[in-house]
Amino acid sequence: MRLYEFQAKRIFVENGIKVPRGIVASSSYEVFDVVKEFGAPVIIKAQVLVGGRGLAGGVKSAEDEYEAREIADQLIGGSLKNEDIASVLVEEKVSIEKEFFAGALIDYQSKSPVIIASSKGGVDIESIALENSKEIIIEKLDDKIGLTDYIARRIAKAVGLKGRSMLSFANILQSIFSILKKYDATLVEVNPLALTAEGKFIAVDAKITLDDNASFRQSELFNVLKSEKPKPGQGSKLRKYQAEKADIPTYLELAGNIGIIADGAGTGMLTLDLTKDYGGEVESYCELGGRATPKLIEEAMKIVLSNEEVNVLLINLIGGLNRMDEMAQGITSYIANKGKEVRNEQEIVVRMSGTLEEEGRRILAGSGVSSFDNIYDAIERVVEASRRC
Ligand code: GDP
Ligand code: MN
């Protein structure tokens, strides 16, 4: 998971790396007030998950609160490289003497940590590498030894620093490395790391990517970060956002009128193919990853059925790890909570087999869903229903 700049900077501060004083705002009124309070000049930065914002017009400088408000108006609600801008980070403008690059990453192949540093920061590291690879220090670390004072200082000297600034740069490298470790990050990057006229280093930009495979170890952090993701307004974007938030492994929208929910990737693909073979048009496809809870299937139903295009939903479950009694509870709970609001034109067809299937079907009986044990019968019914509407 890639973090927004403001999230990465919060982690920097918590781990001893200085960042410019700033605040996140999602309206130009807030920006106006903040700048009035902070004083100008400020830098206004679009909070999006793509790099190269500066060149694309997503990082702007303002001389007073009026200009800041105007810039914020242009940015917020607009987009940058196809990504919607929901908020901006407003920061005190740092007066930069020299821009450095400092970062740490996990080398994908060897799985070992690597420190990267350069005295040619600001531009992206690939172009520094292309123009002058001698300007980049790349230090592969031994995971058992880590980034010792000695190695950190050697790198700081190699980028051309001496005395106190050499020591602070080495300290920052160690903080970057400890963030990489502590939060299971695959990348921590400061570009530019600004050296000010007063000889202090400030992280002007911040980039952190966390290892999604380690989310179970960092669940608290992941929850906070996810809760801060901007909420899209409506339609397809909103449903995709809701699916991501509910931890639904796969949610796709195609073009048709049939919704599919399957309890595993294999089952899902099979259902998708069979539905097409029978002449059905699939609108949304949702796969629950082989181990669903009643809450997850209920959540998936909410999302799929909130799509007006869907007029029949096929739920295909092959209970291996999943228990059909639990799945049935999720389904009936959706119907009970929806009450009279279940749209009549949205028929729900369930096919279940495997662990505790009889119990599952018993729970479903009388709930108004059509339940099958044979997949072909279920699909025939679904395709027929999709034509009727
Ligand atoms: P990126 O383009 O997405 O990497 O965004 P950055 O945060 O790196 O900003 C782009 C560029 O804007 C930086 O490389 C800096 O040169 C410049 N910049 C950003 N913040 C400041 C600041 O506070 N003061 C000054 N002087 N320049 C800044
Ligand atoms: Mn940058």
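The values are calculated or read from the model by the stated rules, or taken from the named source; none is laboratory data. The structure presented is a predicted model; accordingly, all values stated were derived computationally and were not measured. Heads up, the Cβs are rebuilt from the backbone with ideal geometry, glycines too, and the neighbour counts pull from every protein chain shown. Ligands, DNA and RNA are excluded from the accessible area calculation, which covers all protein heavy atoms including side chains. Shrake-Rupley method; radii C 1.70, N 1.55, O 1.52, S 1.80 Å.
Restricting region 187-229 to residues that are among the polar types (S, T, N, Q) and surrounded by fewer than 21 Cβ atoms within 10 Å (Cβ to Cβ), which is nearest to ligand 1 (Cβ to nearest atom)?
Top of the filtered list is Thr196.
When you scan region 179-186, do you find a residue that is farther than 15 Å from Leu147 by Cβ and open to solvent by less than 40 Å² (accessible area, probe 1.4 Å), even just one?
Within region 179-186 (the criterion being farther than 15 Å from Leu147 by Cβ and open to solvent by less than 40 Å² (accessible area, probe 1.4 Å)), the answer is yes, since at least one residue qualifies.
Quick one: which strands (runs of 3 or more DSSP E) sit completely within region 44-130 and have at least 3 residues that are away from ligand 2 (no atom under 16 Å from the Cβ)?
Output list reads 113-118.
Would it be correct to say that Leu321 is out of contact with any His (no Cβ under 8 Å at 6 or more places or on another chain) and part of a helix (DSSP H, G or I)?
no
Looking at Ser79, is it within 16 Å of ligand 1 (Cβ to nearest atom), surrounded by 15 or more Cβ atoms within 10 Å (Cβ to Cβ) and polar (S, T, N, Q)?
In short, no.
In region 227-271, how many residues are part of a strand (DSSP E or B) and of a type in the set (A, V, I, L, M)? Before the answer, list the steps.
Of region 227-271, the ones part of a strand (DSSP E or B) are 250-253, 258-262.
Subsequent filtering for residues that are of a type in the set (A, V, I, L, M) retains 252, 258, 260-262.
Result for region 227-271: 5.
Being modelled with pLDDT under 95 and hydroxyl-bearing (Ser, Thr, Tyr) narrows it down to one of Ser95, Ser26, Ser61, so name that one.
Answer to the check: Ser26.
So for region 75-89 (the condition being farther than 22 Å from Pro232 by Cβ and touching a helix residue (DSSP H, G or I) at 6+ places or on another chain (Cβ under 8 Å)), does at least one residue qualify? Give the derivation first.
Just the residues of region 75-89 that are farther than 22 Å from Pro232 by Cβ, to begin with: none.
Within region 75-89, not a single residue is farther than 22 Å from Pro232 by Cβ and touching a helix residue (DSSP H, G or I) at 6+ places or on another chain (Cβ under 8 Å).
Taking the options Glu308, Glu298, Glu281, name whichever one is open to solvent by 10 Å² or more (accessible area, probe 1.4 Å) and under 24 Å from the mean Cα position of the chain (by Cα).
So the residue among Glu308, Glu298, Glu281 that is open to solvent by 10 Å² or more (accessible area, probe 1.4 Å) and under 24 Å from the mean Cα position of the chain (by Cα) is Glu298.
Show the residue pairs that are 6+ apart or on different chains and have beta-carbon atoms under 9 Å apart, the first residue being within region 58-74 and hydroxyl-bearing (Ser, Thr, Tyr), the second being within 16 Å of ligand 1 (Cβ to nearest atom) and not in a strand (DSSP E or B).
Filtered contacts from region 58-74: Ser61/Pro41; Ser61/Glu67; Ser61/Ile71; Ser61/Lys93; Tyr66/Val35.
Of all residues in region 137-180 being free of Cβ contacts under 8 Å to residues at least 24 places away in the same chain and farther than 16 Å from Ser118 by Cα, which is farthest from the chain's Cα centre (by Cα)?
Only one residue tops the list, namely Gly163.
Looking at Ile315, is it surrounded by fewer than 23 Cβ atoms within 10 Å (Cβ to Cβ) and in contact (Cβ under 8 Å) with a residue 24 or more places away in the chain?
Working: surrounded by fewer than 23 Cβ atoms within 10 Å (Cβ to Cβ): no; in contact (Cβ under 8 Å) with a residue 24 or more places away in the chain: yes.
It is false that Ile315 is surrounded by fewer than 23 Cβ atoms within 10 Å (Cβ to Cβ) and in contact (Cβ under 8 Å) with a residue 24 or more places away in the chain.
Would you check which residues across region 111-153 are open to solvent by less than 20 Å² (accessible area, probe 1.4 Å) and among the β-branched types (Val, Ile, Thr) and list them?
Val114, Ile115, Ile128 - these are the residues of region 111-153 that are open to solvent by less than 20 Å² (accessible area, probe 1.4 Å) and among the β-branched types (Val, Ile, Thr).
Return the residues of region 1-50 that are open to solvent by 60 Å² or more (accessible area, probe 1.4 Å) and farther than 26 Å from Lys245 by Cβ; say none if nothing qualifies.
Taking region 1-50 as the starting set, the residues that turn out to be open to solvent by 60 Å² or more (accessible area, probe 1.4 Å) are 2, 10, 13-14, 16, 18, 21, 23, 26, 29-30, 33, 36-37.
Those that are open to solvent by 60 Å² or more (accessible area, probe 1.4 Å) and farther than 26 Å from Lys245 by Cβ: Val13, Gly16, Lys18, Arg21, Tyr29, Asp33, Lys36, Glu37.
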